[in-house]
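Input: a single structure, listed below in structure tokens.
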Ligand code: ATP
Ligand code: MG
């Protein structure tokens, strides 16, 4: 079922959807989300967005129904294990990790329970939405357990007497705490990833994917970088450079009418802290500007 347009599956509603749409927009893909549409056509590129539940994204990729997808590694790996256990297609190509959707999949137990390590989970019943990932982890460390499969409200299972422990996604830990639980083991650290189907596609589509990847790289790199400009005394140049993060190759420009000072411009992969700015000032720097970068291409 090949179409000429590149199909990208993204989460319709949820924790990944806004950042996913923002990323595509920053990459120059123009689209308009209206109503409850399943497919949204990009206006300026041969791209269609498929808006689905995140659970469906790995399968759509593995069956070759869509070309690209953005999905949390937790969901991706769970579905991949489940499908390979059923001898169904479970292959995909991981194009790159993205800079959002960060969380960890952790086993949590009663906050008052005595815990000395994974052996203490022996014989426990663990409530989870990720039975495959729990099994992989427990088999690896050789600990026996049973699961209780729940698709929601996993964190109330111990209190409700359904399980002894849970294995669920955690970002701040506030939900665990609110339910009288504590994190015992982290079994997976996850982020959103861009994946591609293994299906053979046209050279045009592949070229479009390569272009998108370069743009995504540029967007993520730009977000993590700052443009720093300042004026500094010419004779303190070396000391000043040592204070600047990533200042291997700064641009040093003369200042009209003032030979004792120069302008320094550089792209830094780190932010400039207030403390560093104060130190720069003590060395005689002035007009220190830290600017966000919108796009980057190397
Ligand atoms: P859908 O309706 O699409 O099935 P969902 O309820 O399964 O949505 P969300 O809660 O929107 O999923 O989470 C989507 C993904 O966001 C998770 O699978 C995970 O990769 C990531 N994520 C990041 N932080 C968290 C968090 N604190 N809790 C849960 N998921 C998180
Ligand atoms: Mg889901």
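Any read-out appearing in this document is the output of simple, stated calculations on the displayed coordinates, not a laboratory observation. For clarity, every value in this text was computed on a predicted model and none was experimentally measured.
Could you tell me whether the chain comes out rounded, prolate or oblate from its Cα gyration tensor? Rule is a ≥ b ≥ c as square roots of the eigenvalues, rounded for a/c under 1.5, then prolate if a/b exceeds b/c, otherwise oblate. Note, shape of the chain comes out oblate. Principal axis extents of the C-alpha atoms in segment 126-280 (largest first, rounded to whole Å): 78, 50, 28. The ellipsoid that matches the Cα gyration tensor of segment 1-42 has semi-axes, each √(5λ) in whole angstrom, of 17, 13, 11, with the longest given first. Helix 203-224 against the longest principal axis of the chain: what's the angle in degrees, Cα atoms only, rounded to the nearest 10? Orientation of helix 203-224: about 70 degrees from the principal axis. Run the numbers for residue 286 and residue 4: contour at 0.36 nm per residue of separation, minus the present Cα-Cα distance, in nm. Here the answer is 96.1 nm.
When both bridge partners sit in segment 1-143, DSSP labels roughly 25% of those beta bridges antiparallel.
Only beta bridges with both residues in the chain are counted; by DSSP, about 75 percent of them are antiparallel. Kirkwood hydrodynamic radius of segment 219-298, from the reciprocal of the average inverse Cα-Cα distance over all distinct pairs: 12.9 Å.
Just to confirm the number: angle between the C-alpha axis of helix 17-26 and the first principal axis of the chain, 0 to 90 degrees, nearest 10? Approximately 30 degrees, to the nearest 10. Taken over segment 134-225, the percentage of Cα pairs per 10 Å bin, counting from 0 up to the bin with the maximum distance, is 12, 29, 21, 21, 16, 2. Cα-based values for segment 194-266, radius of gyration first and Dmax second, are 20.7, 63 Å. Mean residue ellipticity at 222 nm, helices only, the chain: -8500 deg cm²/dmol; runs of at least 4 DSSP H residues each add -39,500 (n - 2.57), and the sum is divided by the number of residues.
Starting from the exponent 0.38 and prefactor 2.2 Å, build the expected Rg for segment 18-112 from its residue count and divide its actual Cα Rg by it. Before the final figure, lay out the partial values.
Details: Rg = 15.9 Å, N = 95, 2.2 N^0.38 = 12.4 Å.
Ratio of Cα Rg to 2.2 N^0.38 Å: 1.28.
On a 0 to 90 degree scale, rounded to 10, what angle separates helix 131-141 from the longest Cα axis of the chain? For 131-141 against the chain, the angle is about 80 degrees.
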